[in-house]
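This report refers to the structure that appears directly beneath it.
The values are calculated or read from the model by the stated rules, or taken from the named source; none is laboratory data. Not measured: the values here are computed from a predicted model. Neighbour counts are summed over all protein chains in view; Cβ atoms, including those assigned to glycine, are modelled from backbone coordinates with ideal geometry. Side chains included, ligands, DNA and RNA excluded: accessible areas come from the protein's heavy atoms. Shrake-Rupley method; radii C 1.70, N 1.55, O 1.52, S 1.80 Å.
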Amino acid sequence: MNVQELSTFQVAALAEIAAAGTLADVETLRIKYIGRNGLLQGIMQDLKTVPPADRPEFGRQANVLKQALGEALDQRRGALQASAAQTGLRLDTTLPGLWRGLGRRHPITCVIEEVARIFSRLGFTVADGPDIETEYHNFDALNTPGDHPSRDIQDTFWLESGELLRTQTSPVQIRVMERQQPPIRIIAPGRCYRRDTTDATHSANFHQVEGLYVDRRVSMADLKGDITFFAREMMGADVKVRFRPHFFPFTEPSVEYDFSCHMCHGRGCRVCKNSGWIEISGAGMVDPRVFKIVGIDAAQFTGYAFGMGVERIAMIKYGIEDIRHLYENDLRFLEQFA
Ligand code: DAH
C-alpha cells in the first residue's frame, strides 16, 4: 500500500464503521481493523516495503488512520448505546393511563377533623404546639411537682438537650395563654409520646385533642354541657357521659369522664372490659396557679380544660378492638374507612 492507497482505505473503513447497525457489528469491525491481527497491523508491516523517501509520510498517515479508526468505532458504539437506552424508555402516549388508586383519610385524621368540626360550632379554633417540648411547658407551667412520677424516665422520652417529647397536649394550653388574654377558646390536636409498652390498648405514640375555654364566669356546668354536646355529636344521641372525681395538677377540681360503650350500648363487652363505659380522658377547671404562671388574672377569669384520647374515640366509634391496627398501615384495614 502506498500513501495514496492509504487514504482511500481510510475513507472506505470509516464509511463501513459509520454504517454498523449493532454493537456486535462494531465489535467485529474493531477486530477487523485495529485488532491484534487486524488490517492496521498489516499496514504497519508494509512500512518496510515503502521506499525510504516516502516512509515518514506513510508513517504519519498510518498514525492518522489508526486514531481515526479508534475514534470512529467509539463514536458509533456510543451512538448505538444511546439509542438502545432511548428505545427502552420510549413513551406510547396512546396507551391508557395507569390507575394509582384513590387514597383515604386515616381514621385518626377523620376523628381529629370531626372533633374540630364539632367544637368549631361552639366557637373553638384550632391551636398548635411543638412535639418536642420544654420541661417547663410540659410539666412546670402545668403545676406538676418536680417529683411527679410522670416526669420519670420510665414515662417520658427525654432528649439529650434536656427537652422532651410531649407526654400530653396540655402544654399547648400554656403556649396559648402565654400569648393571648381571655376570651380563649381553642382545641389543640396532636401527637403525644410515652414510654408505654405497646399492647391492645396502649401505644408509645398516640394522639390527644386538648381543649381550653377561658373567660369570665366559665363554670363546671359549661364543661359538662360542652363535653356532653360533643359526645352526642360524635357518638350519636343515645350516648351517656359520666364524670368521676379525679386529680390533675393543672385543674381544680378535676374529673375523668367516660362515654357509654358504643359497641355494646352499656351492656358490657370486650372493648369496655364489661364495664359498659369507656374512659375518654381528663378535664377540670383551670387551676388558679396555672393562671398565675401565665399571667392571667384569676380574680377575673375562670376556665375549663379537657384532654381526649383520639385513639379511644376512634376505637369505640368504629369498633376497632386493637389500637395497633391504627399504626400498621394494613390496606385491608385502612380501606374500610371511606
Ligand atoms: N393531660 C392529661 C393526660 O394526658 C389529660 C387532661 C386532664 C387534660 C385534665 C386536661 C385536663 O386539659 O384539664 O392525662
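Key figures for this structure:
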{"quantity": "Förster radius 22 Å - calculated FRET efficiency between TYR318 and LYS273 (Cβ-Cβ, nearest 0.05)", "calculated": "0.75"}
{"quantity": "Nearby lysines by direct alpha-carbon distance to LYS66 (threshold 23 angstrom, same-chain neighbours under 8 apart not counted)", "calculated": "LYS32, LYS48"}
{"quantity": "Local electrostatic count, ALA305, Cβ distance below 14 Å [Lys/Arg +1, Asp/Glu -1]", "calculated": "-3"}
{"quantity": "Loop trypsin sites (Lys or Arg not before Pro), region 104-170 (other Cβ atoms within 10 Å of the site Cβ: 15 or fewer; DSSP)", "calculated": "ARG104, ARG105, ARG121"}
{"quantity": "PHE301 accessible area, assembled protein chains, probe 1.4 Å, Å²", "calculated": "20"}
{"quantity": "For a label point 7 Å along the Cα-to-beta-carbon line of GLU16, residues of region 25-63 with backbone N under 18 Å", "calculated": "25-46, 62-63"}
{"quantity": "Chymotrypsin sites (Phe, Trp or Tyr not before Pro) lying in DSSP loop within region 75-174, provided at most 11 other Cβ fall within 10 Å", "calculated": "TRP99"}
{"quantity": "Cysteines without a disulfide-compatible neighbour (Cβ-Cβ under 4.7 Å), the chain", "calculated": "CYS110, CYS192"}
{"quantity": "Computed magnitude of the charge dipole of the chain (debye, nearest 20; Cβ of K, R +1, Cβ of D, E -1)", "calculated": "640"}
{"quantity": "Estimated distance in nm for a label pair at LEU47 and MET220, the labels positioned 7 Å out from Cα along Cα-to-Cβ", "calculated": "11.0"}
{"quantity": "Trypsin sites (Lys or Arg not before Pro) restricted to region 1-100 and DSSP loop, no more than 10 other C-beta within 10 Å", "calculated": "ARG36, ARG90, ARG100"}
{"quantity": "Cα shape, region 107-334, gyration tensor, a/c 1.5 rule", "calculated": "oblate"}
{"quantity": "Value of [θ]222 nm, deg cm²/dmol, for the chain, DSSP H segments ≥ 4, -39500 (n - 2.57) each, nearest 500", "calculated": "-12000 deg cm²/dmol"}
{"quantity": "Spin-label model distance (nm) - GLN336 vs LEU23, 7 Å beyond Cα toward Cβ", "calculated": "5.2"}
{"quantity": "Where region 1-99 is the region considered: accessible area per residue in Å², 1.4 Å probe", "calculated": "70"}
{"quantity": "Solvent exposure of region 107-334 as accessible area per residue, Å², 1.4 Å probe", "calculated": "47"}
